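Reviewing the structure listed below.
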Amino acid sequence: MAYFELEQITLPLNLTWKIARNSSTEKINFIVHAKGKGSMKAFAGRGEVAFNSRYGESAPATQEAFALFQKEWNPEWHTMEEFQDYMATMENMPLSLRFGLEAAFIQYLSQFVGKDIPTFLRLKKINAVNTSFTLPIMPIAEIAEFVKTRNLTRFSSLKIKTDSEAVYERVNALASVYSGWIRVDANEAFSNAQDFLKVAESLKSLRIQFIEQPLPAKQSDDYLLIKEKSPFPIFADESVTHQEITSFYKDRFHGVNIKLMKSGGIFKAMGQLKAARALGLKTMLGCMVETSLGISWAMQLACLADYFDLDGHLLLAKDPFNLIQEEEGKLIWPEYH
């Protein structure tokens with residue numbers, strides 16, 4: 001018998017996390033537990049829920065949707081088909097909760113059938129990847145000291161958050177103390193394509209790897225112009241949640257940032273990554289502010305990604321799970337769970 005529990009956790013951060021939309025010093029997440037009863041007591045799985053207000057998610061909405069899930073869940077179900085059929089009836093469930101439930105059940109089920117998770121998912125095992133580290137929005141004068149005191153030059157790439165103001169000055173301040181690849185993340189901060197393209201042109205002398213989501217997702221047709229004229233590759237982030245990856249994205253972007261919390265599940269994210277590659281798009285695995293539990297699930301899909309932005313657990317004052325180690329900018333997953 002498999003039953004589920006939902007645990008709320010508070011995660012203090014080791015910095016002030018400021019992006020174009022908001023700022024915070026702590027994060028509230030949830031842990032989903034899938035547990036066996038009786039003869040199944042030895043089997044257990046865990047998934048994380050890092051909800052995001054950008055997508056209309058909240059702690060109360062997560063708890064309410066979980067209560068609805070529990071109401072009709074049959075603990076005798078022990079196949080992915082039964083789980084997915086039931087989840088299909090949960091039309092309004094937050095995407096991050098969908099992922100957390102599915103992850104917990106996959107881990108539970110993989111133990112039940114005696115397989116490790118990569119084998120269960122039919123994916124190649126990869127236990128080490130290079131990740132970027134993200135600098136939040138901060139006073140420009142503080143950027144150099146932030147890089148120095150945190151020894152961020154150990155990362156092969158750094159992502160810098162920005163709004164639409166003083167972008168060149170912000171990125172140049174980072175480039176003055178860092179020689180690796182720089183990723184620029186605007187989080188939909190620009191209101192029109194022409195303003196963004198002017199800023200992009202100003203960055204041409206800097207070592208920019210790509211730029212994420214400069215305009216709001218709702219301005220999808222503006223990305224047709226941006227892709228044509230931008231001197232740097234453009235990656236979709238907020239423009240892609242659980243949608244199928246089709247030629248719509250190929251026409252507007254050079255790559256996609258797939259996050260399990262907004263894809264709504266492992267299998268959905270796998271399909272998105274495979275479809276993106278088939279279309280010739282670059283793929284990146286990203287994350288929310290989350291623990292190494294959530295990051296370890298992204299690592300399961302590492303063989304399907306070209307780039308990694310999996311630093312969510314490195315922003316925490318204390319990681320409650322310690323499933324992933326970081327050494328010289330590389331994430332190392334010592335064992336498979």
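Assorted remarks:
- Glu64 being within 28 Å of Val113 (Cα to Cα) and either in contact (Cβ under 8 Å) with a residue 24 or more places away in the chain or not basic (Lys, Arg) (or both): no
- The condition (being farther than 23 Å from Lys159 by Cα, among the hydroxyl-bearing types (Ser, Thr, Tyr) and either in the same structural domain as Val199 (by TED's automatic domain parsing) or at pLDDT 95 or above (or both)) is satisfied by just one residue among Thr241, Thr291, Thr246: Thr246.
- The helices (runs of 4 or more DSSP H) found entirely in segment 53-172 include none that carry 2 or more residues being among the basic types (Lys, Arg) and in contact with a Gly (Cβ under 8 Å, 6 or more places away or on another chain).
- Filter result for Phe308 (surrounded by fewer than 20 Cβ atoms within 10 Å (Cβ to Cβ), aromatic (Phe, Trp, Tyr) and either in contact with a Leu (Cβ under 6 Å, 6 or more places away or on another chain) or outside the structural domain of Lys27 (by TED's automatic domain parsing) (or both)): no
- Selection from segment 226-264 of residues that are acidic (Asp, Glu) and within 18 Å of Tyr307 (Cα to Cα): Asp237, Glu238
- Tally of residues being touching a strand residue (DSSP E or B) at 6+ places or on another chain (Cβ under 8 Å), assigned to a loop (DSSP other than H, G, I, E, B) and of a type in the set (A, V, I, L, M) across segment 186-216: 3
- Note on segment 231-255: among residues that are surrounded by fewer than 21 Cβ atoms within 10 Å (Cβ to Cβ) and hydroxyl-bearing (Ser, Thr, Tyr), the one that is farthest from the chain's Cα centre (by Cα) is Ser247.
- Residue within segment 36-56 that is basic (Lys, Arg), touching a Pro at 6+ places or on another chain (Cβ under 6 Å) and in contact (Cβ under 8 Å) with a residue 12 or more places away in the chain present: no
- Among the residues making up segment 107-149, a single one is in contact (Cβ under 8 Å) with a residue 60 or more places away in the chain, out of contact with any helix residue (DSSP H, G or I) (no Cβ under 6 Å at 6 or more places or on another chain) and of a type in the set (D, E, K, R): Asp116.
- Count of residues meeting criterion [among the polar types (S, T, N, Q), farther than 13 Å from Ser296 by Cβ and surrounded by fewer than 21 Cβ atoms within 10 Å (Cβ to Cβ)] in segment 104-140: 4
- In segment 55-76, the residues that are closer than 15 Å to Ile28 by Cα and surrounded by 13 or more Cβ atoms within 10 Å (Cβ to Cβ): Glu57, Ser58, Ala59, Ala61, Thr62, Gln63
- For the residues Ile19, Ile28, the requirement of being surrounded by 14 or more Cβ atoms within 10 Å (Cβ to Cβ), in the same structural domain as Glu57 (by TED's automatic domain parsing) and free of Cβ contacts under 8 Å to residues at least 60 places away in the same chain singles out Ile28.
- On inspection, Gly286 does not qualify as small (Gly, Ala, Ser), in contact (Cβ under 8 Å) with a residue 24 or more places away in the chain and over 22 Å from Gln209 (Cα atoms).
- Pairs where the first residue, in segment 152-179, is surrounded by 20 or more Cβ atoms within 10 Å (Cβ to Cβ) and the second is among the β-branched types (Val, Ile, Thr) and in a loop (DSSP other than H, G, I, E, B), C-beta under 6 Å, 6+ apart: Lys161/Ile19; Lys161/Ile137; Arg170/Thr162
- Evaluating Leu11 against the criteria (1) over 30 Å from Phe146 (Cα atoms); (2) in contact (Cβ under 8 Å) with a residue 60 or more places away in the chain; (3) of a type outside the set (Ser, Thr, Tyr) leaves one unmet condition, (1).
- Whichever residue in segment 259-288 is out of contact with any Ser or Thr (no Cβ under 8 Å at 6 or more places or on another chain) and assigned to a loop (DSSP other than H, G, I, E, B) and, among such residues, is farthest from Ser23 (Cα to Cα): Gly280
The values are calculated or read from the model by the stated rules, or taken from the named source; none is laboratory data. Everything numeric in this text was worked out from a predicted model, so none of it was measured. Positions of Cβ are backbone-derived with ideal geometry, glycine not excepted, and every protein chain shown enters the neighbour counts.
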